[in-house]
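Input: a single structure, listed below in structure tokens.
Every number in this text was worked out from the coordinates using simple rules, so none of it is lab data. Computed from a prediction, not measured in an experiment: that's the story for all the values here. Here the Cβ positions follow ideal geometry from the backbone for every residue, glycine too, while neighbour counts run over all protein chains shown.
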Amino acid sequence: MAMKTATTMAAAGPRGLRSLFSSLSTNFPFPSQPAADQPQRPQAEPSTNLFVSGLSKRTTDEGLRECFAKFGEVIHARVVKDRASGWSKGFGFVRYSTLEEAAAGIQGMDGKFLDGWVIFAEYAKPRDSPPPSPPSYGGYRQ
């Protein structure tokens, strides 16, 4: 009897968590596209400096340079690394010689694979100036 019930339920289609994640399910609770009323991330002004995110821990400065050099003259390519371990933090910067080459680099590499990971390229936002340091009262004096 239990075997007959299991066979009947399996034939009826996916149930429970399977139906939630089934590609055939039309009532998936999450929207496939972002809602139009949600604010988009602010885009940086076009510049020759690109911010590249989604890098593998194994990506090197040379690998980043070689990958982006297909789209123009790369002046500088740097993978940001952790000071303690020396491993990549997962992002870096690429600087091109012209705006046109930078735009071609974004067009050519945004959403592409590098070292087995999907990377994202966009114009880098300029660094904010650091806040002024508070005055020091007391402490060591000579």
Exercise for the section: Mind counting the residues in segment 63-110 that are aliphatic (A, V, I, L, M) and touching a helix residue (DSSP H, G or I) at 6+ places or on another chain (Cβ under 8 Å)? Expected result: 6
Completion exercise
Flagged in segment 63-80 as surrounded by fewer than 16 Cβ atoms within 10 Å (Cβ to Cβ) and either without any contact (Cβ under 8 Å) to a residue 12 or more places away in the chain or on the phi > 0 side of the Ramachandran plot (or both), in numbering order, are E66, A69
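Residues in segment 81-107 that are touching a residue at least 40 places away in the same chain (Cβ under 8 Å) and under 16 Å from the mean Cα position of the chain (by Cα): how many?
Within segment 81-107, residues that are touching a residue at least 40 places away in the same chain (Cβ under 8 Å) and under 16 Å from the mean Cα position of the chain (by Cα) number 6.
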